[in-house]
Amino acid sequence: MHSTLEFKSRKKRIGLTALIDVVFIILMFFMLSSSFVRWTEFPIEIDTTNESAASSQISDEAFLYLQSDGSLNRFPDSWSWQHFTAFRKEDSLSFDRQQTVQLKVDPQCELQTILQAMEFLRLQGLSQIRLGGMATDES
């Protein structure tokens, strides 16, 4: 007589409660061991004066016009740079240190380009930059 014994294999189940506990412990570990980075702040001043008040401030301010292609022009002396990244520290010496520089932008200019240009100009030595609104054909 030949008999075979069949064993039923038992599948061990992992308890869901224990798995959730382990996940929360790992989550808490990473939350407590990580450090938070504070994003750098970029102050932007926007000119909200009307045209008559702005005309009295022309002697105290210099104007830069940022085009949508990234080119930069200076008013009133008609200096121009093919791209704002061509502006150098030597160029910032032509501005008075107490002088506020208004950056007027082309209406088609993207926000990222404006912020990059303002940050780049600040790093090149222009400490007082103010966003002066949109550049129009008559300005």
Can you tell me which residues in the stretch 74-85 are touching a strand residue (DSSP E or B) at 6+ places or on another chain (Cβ under 8 Å) and farther than 13 Å from ALA62 by Cβ?
SER80, TRP81, HIS83, PHE84
Among (1) surrounded by 15 or more Cβ atoms within 10 Å (Cβ to Cβ); (2) modelled with pLDDT under 85; (3) small (Gly, Ala, Ser), where does SER139 come up short?
(1)
Pull out all pairs, ordered by first then second residue, where Cβ-Cβ is under 8 Å, the residues are six or more apart or on different chains, the first lies in the stretch 104-124 and is in contact (Cβ under 8 Å) with a residue 60 or more places away in the chain and over 18 Å from ARG74 (Cβ atoms), and the second is surrounded by fewer than 18 Cβ atoms within 10 Å (Cβ to Cβ) and not small (Gly, Ala, Ser).
LEU115/PHE42; GLU119/PHE42
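The values are calculated or read from the model by the stated rules, or taken from the named source; none is laboratory data. Please read all numbers here as calculations on a predicted model, not as lab measurements. Glycine gets a Cβ as well: all are built from the backbone with ideal geometry, and neighbour counts include every protein chain shown.
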